[in-house]
Amino acid sequence: MITLKSPREIEAMEKAGAALAGMHLGIREFIRPGMSSWKIEEFARKYFKAAGAKAEQIGFEGYKYATCVSVNEEICHGFPRKKLILKKGDLVKVDTVVSVDGFFSDSCWSYAVGEVKPEIAKLMDVTKKALFMGIDQCVPGNRIGDIGAVIQHYTEDENGYGDVREFVGHGIQPTMHEDPMVPHYGEHGQGLRLRNGMTITVEPMINTGTWEADTSDPSGWLAKTADGGWSCQYEHTLVITNDGPKILTSQDPEADAKYMYDDNYAKYLEHYGKIAREVAEQFR
C-alpha cells in the first residue's frame, strides 16, 4: 500500500535519515586498506546504539547484520566478513536501513579504498550522477518509468555500462519496503504517477559489464555480476513534494541545498555527525 506522508511524518523521517547519513560520515573517517569489512559492521552497531537508532536489517527475513557490505564484483547484500580484508583500490558498497522513533530511512554509499583505477573512479562518478538524474525526475505528475528511463539511457546508452534489473528501489515508511517498486530502467511515461507526499528510494546499481546478476551464492543473499565486472551503487531516501524532490539522507546539506526539505535536517546531521566521528575514533 502506498501512503502519502504528512509534514509531521516527513520531519520524523528527516531525523532518521540524518542518523543514517551520520553512519556514512563516520565510515569515511576510518575505511582503509588492511582492515576487514567486519569493522564497518562493528562501527555501525556501536554508532547506532550511541545515536539511538535501530538497525532494521537485523532479523529482516533472517538477515543477521546491521549492514550489507559488498566489494568489487559484488552487487549487493554482501555480509560483513572478518576474513574479507580490504585492499587498496577496492570499491566497497555499504547499505543499511535504520529507524528512529519508528520512522525509517535507507541509504547506500560507495567508498574507494585508497586510490582506485581511473575506470573505477569513472564508474563511481557516473553512478552518482545517475542517482541524481533519477531523483530529479521525482516530481508530482511524472511516472515511475521516467526515473528509470533517464538512468538507463545515461548509464547504458551513453556510457556503455550495465544497469542492474534484478534489484530496484522501493517505497519506504511505515515499513522498510513498501510499494511502489522503483526500477532504474524503463520507459518515459510508463508506470505509476508520482504524487506529493510519496516517500521512495532511488538506488541505481551500475556494472562495468553486463547488467545481469549471479544470485547463486549459497548464502541466499549475496548477488554478484554475472561476468565478474565491478559494480557501484548509491542510494537516497527522498520525498516527492510540490517543490521538487527532497532528499532525506543527505550527507552534505550545503551541496544538496536545493533538495533540502527544511532547515531541521542540517541540525540533525550536525548532531549525528558529531556522534559518528566520536565513535569512528575507536576504529582508526
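Quick rundown of the values:
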quantity	calculated
Residue pairs, from the table K39/K64; K46/K129; K88/K122, whose Cα atoms sit over 20 Å apart	K46/K129
Built amide H within the under 5 Å cut-off of T241, gap 5+	G197, K246
Pairs of Cα atoms farther than 19 Å apart, region 146-205, %	30 percent
Qualifying aspartates and glutamates (Cα of each under 18 Å from Cα of K87; at least 8 residues distant if same chain)	E29, E41, E73, E74, E115, E119
Fraction of accessible area attributable to carbon and sulfur, region 117-260 (%, probe 1.4 Å)	47 percent
Hits among lysines - C-alpha to C-alpha of K15 under 17 Å, sequence gap 8 or more where chains match	K5, K49, K54, K246, K267, K274
For region 1-113, alpha-carbon Rg relative to the globular expectation (2.2 N^0.38 Å, N residues)	1.10
Peptide ranges 79-87, 242-250, 271-279 listed from the most packed, as the mean C-beta count within 10 angstrom indicates	242-250, 271-279, 79-87
Mean accessible surface per residue for the chain, computed with a 1.4 Å probe while every protein chain stays in place, in Å²	42 Å²
Prolate/oblate/rounded label for region 176-284 (Cα gyration tensor, a/c 1.5)	oblate
Mean ellipticity per residue at 222 nm, deg cm²/dmol - from DSSP H runs of n ≥ 4 across the chain, formula -39500 (n - 2.57)	-10000 deg cm²/dmol
P(r) histogram, all alpha-carbon pairs of the chain included - 5 Å bins from 0, percent	1, 6, 13, 18, 19, 19, 14, 7, 2, 0
Region 49-100, accessible surface, carbon-and-sulfur percent (1.4 angstrom probe)	54 percent
Segment I58-I2, extension gain: residue separation times 0.36 nm, minus the distance between their alpha carbons	17.7 nm
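The values are calculated or read from the model by the stated rules, or taken from the named source; none is laboratory data. Keep in mind it's a predicted model, so treat the numbers as computed, not measured. Every residue, glycine as well, gets a Cβ built from its backbone with ideal geometry; the counts of neighbours run over all protein chains shown. The accessibility values were calculated without ligands, DNA or RNA, using every heavy atom of the protein model including side chains. Shrake-Rupley method; radii C 1.70, N 1.55, O 1.52, S 1.80 Å.
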